[in-house]
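Student: This structure is in structure tokens; I'll ask about it shortly.
Each value in this text was obtained by applying a stated rule to the coordinates, not by laboratory testing. Owing to the predicted nature of the structure, the values given are computational and were not obtained by experimental measurement. Please note: Cβ atoms are built from the backbone with ideal geometry, for glycine as well, and neighbour counts cover all protein chains shown.
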Amino acid sequence: MGKFRSVLAAGMLLPALFVFTQKPASADEGMWLPSLIGERIDDMQEKGFRLGAEDIYSINQASLKDAVVLFGRGCTGEIISPEGLLLTNHHCGYAQIQKHSSVEHDYLRDGFWAMTRDEELPNEGLTVSFLERMDDVTGRILEGCTQSMTERQRDSVIKANSEIIIGEATAGGKGLRATVEAMYYGNQYFLFLYREYSDIRLVGAPPSSIGKFGGDTDNWIWPRHTGDFSIFRIYADKENNPAPYSPDNVPYSPRKFFRISLDGVHDGDFTFIYGFPGSTREYIMSEEVRYISEISDPMKIALRTQRLGIQKKYMDMSQDIRIRYSSKNANVANAWKKWQGESGGIRRLGTVRAKQEYERRFSEWAEGTEYENVISSLDSLYGELEPYKYASECYAESTGTVELCNFAWKIAGMAASAYEDTSGKSQFPAELAKAARDFYQDYYLPVDRESFVSVMNSFARDMDGKSEPEYFRECIARYGSVENWADSLFHNSIFTDSTTVLSLEAADTAVVRKDPAFAFAAGFRKWHDSEILPACRRLDGEIRLMYRKYMRGQMEFEPERDFYPDANLTLRVAYGKVCGYSPANGILYEPVSTLEGIMEKDNPEIYDYNIPQRLRDIHAGKDYGRWAVTDANGNSTVPVCFLATNHTSGGNSGSPVINADGNLIGINFDRVWEGTMSDIVFDPDYCRNISLDIRYVLFIIDKVAGAGHLLDEMVLVE
Ligand code: ARG
Ligand code: ASP
């Protein structure tokens, strides 16, 4: 054993002697509230964690929470230096990297590295938020609520109470922002107080051939080899407070930053993820699961398959179009694949039937209690909701995706606030120019036009015999076909021409409102907002109310079970261990990948797999320096990604992956697609999160980017 230990210490990745554990000893399901982590700490320590609850979350001393940020409005980031250096994913910084890119400076393709602080690039609109503290405010929030209130009345009491609490919490602090969030369907409420920084600069990003290596082919897939990271720096005023961008701002000095472990990752190691999962629905009833997996997901997947095919065709034709559509395309493709794993996983697990069985037992137990009718009420509410929900989702995924029409709608909104300048000339607000710039920079009409034809033909099919909008019927009658409709719309709309749009004056408001692209957006919106949305809102409200009761009922029904609140983009802790899985009979996935896998996939003919020549050279010369490890076959290589059983969700991207000593070992960026139903039901056999090994990040910075000066800011521990 002594010898075995020393091999491990030398950095062996997957010791051949190690027994491959396929199933975790116990399920690692759960995303826990950090302020209540004391309730889980015994379990965490039993599984290997060596720190205490106060190290994770504390309001009295610096704790790990002070090194974790909400990045933008949907990702996580972590602080890794005393000078405000921040790590997140490449795909989280993607929009910023793209904004700074052009055909001449294609940072998406070539990467970007600021070699001095002066070269770091500011990003308008980007913020990061630190959680100052979180408090249970249930008592105060529910003050004035009564049993007999409708959901609407209750909402307005809660809103008023929230405003008071938020006002108090944010009074007199620079950059303070607060929200009150409902947990367990409004059975509990928490105040979250954040300090939000808005001068965030881009420091570095690898080329997409590293940061998005494998592209959408590998997205949600194991084995994975994506170097999905980017680096930013937070700037503050001289007092270390949040301040808008200014050249006078200085690097932010954090209360806490992560030390980086170079010890590596081994099968079975304890891991812990700290981040902002966006949304899960673990406690919904069978009817909703059935709708999602059998109706909604398949419809949305089919519509996106069409749009993705069209985008790909044009993106393959030119670099310019590829840049324009790269971010949009990635977004469309991402959920498209996730839904495939979600509906497949739910089918495989038989979740609908399992939930029906659970509901049967629940109802039996609930006889004669206040929960007696919960299931039957939910059942009939869902029956009523389904046609509306379907129409609404169909609308969002088809008519709602026509870019030109969405733009026209936006400009028409601005027309409403057109004004006269000092010389009496009527003006559109200044945002017009910005909106137009943003739109045309990323627009290519033939893509939009072809998508229009495709999704509108589907809309006709999907909504046939259902509540089809009047406007749709009129247009089909007028033009005879979707194709003719598209010809006319894209030919006659003024919005296809940027010069015309930029010279719009207030007097042109009528022109805008007569435009066919605007008419399209308005026609469908009118139908949706008057015939679909009100019913959705009303029924959603009633369902929410019923879930509040059902949630309480489930807790009473299963007093032994540990319930965690659904994700709602608030800070959570998930813990588990490094672990592979078996995606199908006869296949066993190892939990770590290495540079060798990148070389296997390398293909100069395929954009997403065409790695930088520099990386090929480094591999050929095995010039890995201090980042070298020895793999199971005794070869020298570099670790790249690893799998673990942590329960994560969208929003956990960029989250720090932490070892038993509280040091950083990786950056979370994805899950395996066979496990994406974890937003609804967690399966310990299939649900795995995918992280980037921190040593690969350091290797890229040091060896490929030649930005080793950044490493000098970090604290590396061995
Ligand atoms: N699947 C990951 C997540 O949900 C990564 C997304 C990156 N985008 C992409 N289309 N590859 O966000
Ligand atoms: N890739 C996701 C994100 O961007 C993470 C996930 O869904 O697992 O947050």
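Student: In whole Hz, what ³J(HN,Hα) sequence does segment 78-92 give by Karplus (6.51, -1.76, 1.60; θ = phi - 60°), x for Gly and Pro?
Tutor: 9, 8, 10, 7, x, 10, x, 6, 10, 9, 8, 7, 4, 6, 7
Student: Take the Cβ-Cβ distance between residue 466 and residue 538 as r, set R0 to 22 Å, and report the resulting FRET efficiency rounded to the nearest 0.05.
Tutor: For R0 = 22 Å, the calculated efficiency reads 0.70.
Student: Please list, in order along segment 706-718, the HN-Hα scalar couplings obtained from phi with the Karplus expression 6.51 cos²θ - 1.76 cosθ + 1.60 (θ = phi - 60°), rounded to whole Hz, x for Gly and Pro.
Tutor: Per residue, the Karplus-derived 3J(HN,Hα) values read x, 10, x, 4, 5, 5, 5, 7, 8, 10, 9, 10, 10 Hz.
Student: In segment 298-367, what GluC sites (Glu not before Pro) fall in a loop by DSSP, with at most 13 other Cβ atoms inside 10 Å?
Tutor: Taking segment 298-367 and a limit of 13 other Cβ atoms within 10 Å, the loop GluC sites (Glu not before Pro) found are 367.
Student: If I measure Cβ to Cβ between cysteines in the chain, which ones have no partner under 4.7 Å?
Tutor: Flagged as lacking a Cys partner: 145, 394, 405, 475, 536, 579, 641, 687.
Student: Same structure, new question: Between residue 262 and residue 62, what is 0.36 nm times their sequence separation minus the Cα-Cα distance? Round to one decimal in nm.
Tutor: Using 0.36 nm per residue and subtracting the Cα-Cα distance, I get 69.7 nm.
Student: Starting from segment 40-121, pick out the GluC sites (Glu not before Pro) whose DSSP state is loop and whose Cβ has at most 12 other Cβ atoms within 10 Å.
Tutor: Here the sparse-neighbourhood loop sites are 104.
Student: Report, ordered by chain and residue number, the lysines lying within cross-link reach of residue 313, taken as a straight Cα distance under 19 Å and ignoring same-chain residues fewer than 8 apart.
Tutor: 328, 337
Student: Using θ = phi - 60° and the Karplus relation 6.51 cos²θ - 1.76 cosθ + 1.60, list the HN-Hα couplings for segment 270-279 in order, rounded to whole Hz, with x at every Gly or Pro.
Tutor: Rounded to whole hertz, the list is 5, 9, 9, 10, 10, x, 10, x, x, 6.
Student: Please list, short to long, the whole-number percent of alpha-carbon pairs of the chain in consecutive 20 angstrom bins beginning at zero.
Tutor: Whole-percent P(r) values from 0 Å outward: 16, 48, 33, 3, 0.
Student: Give the cross-link partners of residue 65 among the lysines, using a straight C-alpha distance below 26 Å as the criterion and excluding same-chain residues fewer than 8 apart.
Tutor: 47, 174, 238, 256, 577
Student: Enter the mean projected area of the convex hull around the alpha-carbon atoms of segment 367-519, in nm², rounded to one decimal.
Tutor: Taking the Cα atoms of segment 367-519, their convex hull projects to 13.4 nm² on average.
Student: Additional query: So what's the net charge close to residue 340: Lys and Arg +1, Asp and Glu -1, counting the other residues with Cβ under 14 Å from its Cβ?
Tutor: Net local charge, residue 340 excluded: +1.
Student: Let me ask something additional. Any chance you could run the full-extension gain for residue 477 through residue 526? It's 0.36 nm times the residue separation minus the Cα-Cα distance, nm to one decimal.
Tutor: Separation in residues times 0.36 nm, less the Cα-Cα distance, equals 15.8 nm.
Student: Another question, then. Would you mind checking which residues have amide H under 5 Å from residue 589's amide H? H placed 1.01 Å from N; only 5 or more apart, or other chain.
Tutor: The list, which skips near neighbours in sequence, is 581, 582.
Student: Considering all projection directions equally, how large on average is the shadow of the alpha-carbon convex hull of segment 352-399, in square nanometres?
Tutor: 4.2 nm²
Student: Straight-line reach from residue 410: which aspartates and glutamates have a Cα under 14 Å away, not including same-chain ones fewer than 8 places off?
Tutor: Filter leaves 431, 438, 515.
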